[in-house]
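Single-structure report; data block below.
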């Protein structure tokens with residue numbers, strides 16, 4: 001039977017989830033702002049340009065035509081950008097929400113390990129860890145997908161540092177007994193790489 005979670009660890013998990021929810025809300029407001037401001041700026045620029053010409057120079061028909069055209073184009077942009085931003089938010093929603101069910105199943109030992117990993121990453125990577133260890137199983141977070149590798153299915157792994165065009169990174173390859181291979185790019189964090197290597201080695 002799994003030991004009950006300590007109050008401190010439960011508070012940590014609650015705080016962890018709260019950060020994920022906060023980041024998701026920030027992303028939502030950024031997308032809403034882009035959706036609203038882009039067509040609004042287009043309309044205002046066109047309107048200001050039309051006003052600079054004046055009704056006398058353009059004529060009433062041409063003047064109204066430009067205003068109407070700007071309105072329709074702005075609404076068209078609103079629909080198109082809104083659809084794209086909606087799709088992006090759906091992806092962001094999946095990205096953050098996939099962590100929550102996993103976090104709620106961690107035991108005390110897993111939570112302590114989670115803390116250790118989260119603390120060594122820079123603020124940008126914190127709370128969106130690429131790997132989570134849960135009851136001797138491994139969750140790999142790739143894009144918006146989550147891959148569960150159970151302890152008894154892990155065959156081998158290879159962790160190496162690579163150099164890209166602009167920066168370096170660590171590449172993790174995991175081979176399972178079902179002849180499936182998973183590849184994951186990790187940030188250039190030597191401490192995190194060393195911890196991952198040690199924890200994976202313990203599962204073999």
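The values are calculated or read from the model by the stated rules, or taken from the named source; none is laboratory data. The structure presented is a predicted model; accordingly, all values stated were derived computationally and were not measured. Note: ideal-geometry Cβ built from the backbone for every residue, glycine included; neighbour counts use all protein chains shown.
Figures for the structure shown
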read-out	value
Residue count for segment 1-31, restricted to those that are loosely packed, with under 14 Cβ neighbours inside 10 Å and under 30 Å from residue 87 (Cα atoms)	8
Residues (under 20 Å from residue 8 (Cβ atoms) and in contact with a strand residue (DSSP E or B) (Cβ under 9 Å, 6 or more places away or on another chain)) located in segment 110-148	110, 113, 114, 117, 129, 132, 133, 134
Residue match in segment 82-103 (condition: in contact with a strand residue (DSSP E or B) (Cβ under 7 Å, 6 or more places away or on another chain), part of a helix (DSSP H, G or I) and under 30 Å from residue 130 (Cα atoms))	yes
Residue 110, sole failed condition from (1) under 20 Å from residue 141 (Cβ atoms); (2) touching a helix residue (DSSP H, G or I) at 6+ places or on another chain (Cβ under 6 Å)	(2)
Options 119, 199: the member that is on the phi < 0 side of the Ramachandran plot, surrounded by fewer than 15 Cβ atoms within 10 Å (Cβ to Cβ), more than 16 Å from the chain's Cα centre (by Cα) and assigned to a helix (DSSP H, G or I)	119
Test: residue in segment 134-145 that is in contact (Cβ under 8 Å) with a residue 60 or more places away in the chain and surrounded by 13 or more Cβ atoms within 10 Å (Cβ to Cβ)	yes
Qualifying residue in segment 17-36 (condition: out of contact with any strand residue (DSSP E or B) (no Cβ under 7 Å at 6 or more places or on another chain), free of Cβ contacts under 8 Å to residues at least 24 places away in the same chain, within 30 Å of residue 109 (Cβ to Cβ) and in a helix (DSSP H, G or I))	yes
Close pairs from segment 40-57: first in the same structural domain as residue 77 (by TED's automatic domain parsing) and farther than 17 Å from residue 77 by Cβ, partner at pLDDT 90 or above and exposed (fewer than 11 other Cβ atoms within 10 Å of the Cβ), Cβ under 6 Å, at least 6 apart	none
Set 127, 139: member being at pLDDT 90 or above and in a loop (DSSP other than H, G, I, E, B)	127
Those residues of segment 159-177 which are surrounded by fewer than 13 Cβ atoms within 10 Å (Cβ to Cβ) and in a strand (DSSP E or B), in sequence order	160, 161, 162, 163, 168
